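Here is the structure we will look at.
Bear in mind these aren't lab numbers, they're just calculated from the coordinates by the rules spelled out. Source: prediction; values computed, not measured. Please note: Cβ atoms are built from the backbone with ideal geometry, for glycine as well, and neighbour counts cover all protein chains shown.
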């Protein structure tokens with residue numbers, strides 16, 4: 001039991017450190033940008049003072065992770081890097097965290113958790129076999145923890161896109177039927193909401209404005225989501241564009257289909273509810289009810305001496 005508590009505590013520490021490092025990597029300015037900003041304001045600050053004013057994660061953790069990233073990239077196959085890059089794109093953080101950096105986070109988390117568990121278990125009276133098991137599990141969990149977090153982020157992003165897609169297609173259809181072009185309609189949808197789908201639309205519009213073909217930009221958007229409904233929608237739009245079919249008509253059909261699928265998913269979840277409620281009912285609620293109802297009767301029977309007690 002003590003070993004389990006140690007692992008849980010160390011996992012919490014590693015999770016906090018990794019999240020701080022990833023947030024610091026994606027949200028802070030570089031030293032050069034901050035120097036230029038202060039110079040524009042007329043303030044004279046030395047480079048050392050500016051570096052010391054940065055958060056701890058940016059000053060200490062991020063450089064360590066970058067060093068580990070270089071080592072991990074050197075010994076990681078190219079297909080593993082490409083798979084990691086694709087997963088980061090699916091999670092919506094591919095523009096902030098590179099594949100090699102994420103591998104650095106995994107290695108850093110494994111080292112941090114493994115070394116911490118090594119120091120803790122050898123300071124306790126746990127048998128050697130259990131010590132070795134805890135250390136191995138700690139290294140493995142530290143290496144897997146960022147991947148587990150990334151998988152949960154991918155699932156949450158895909159679920160958010162799936163929920164927002166029918167409403168976005170409704171607005172997209174209205175804009176196209178009102179006479180706007182498809183690109184301008186996507187821009188309107190991107191301006192209407194602030195979610196993963198609208199941000200993906202915004203990036204796609206920017207790519208098309210920079211000269212990328214519409215079909216390539218749309219395919220990249222669908223590949224960065226890996227949502228079946230979005231892939232179907234993109235395929236229909238590309239086909240309509242190539243064959244010269246009325247875009248408004250295709251959009252209306254896709255909008256009606258997405259709303260019907262959303263209703264079907266809601267009905268499916270409603271039918272699954274009784275089955276999901278069975279486990280807590282059988283293992284948690286029913287035993288409690290039996291204890292409350294039969295407990296006093298069992299005590300009375302025991303005190304009456306009916307069974308020779």
note = Computed over region 160-262, the convex hull of the Cα set has an average projected area, in nm², of 5.7 nm²
remark   = Going fewest to most other Cβ atoms within 10 Å around each Cβ, 97, 115, 292 line up as 292, 115, 97
request  = Could you please state, rounded to a whole Å, how far the C-alpha centre of region 242-309 is from the C-alpha centre of region 150-211?
outcome  = 33 Å
Cβ-derived FRET efficiency at R0 35 Å, residue 76 paired with residue 128, nearest 0.05 = 0.60
ask   = Ordered by packing density, taken as the mean number of other Cβ atoms within 10 Å over each peptide's residues, highest first, how do 189-202, 270-283 rank?
value = 189-202, 270-283
remark   = When 288, 257, 204 are ranked with the fewest other C-beta atoms within 10 Å first, the list becomes 288, 257, 204
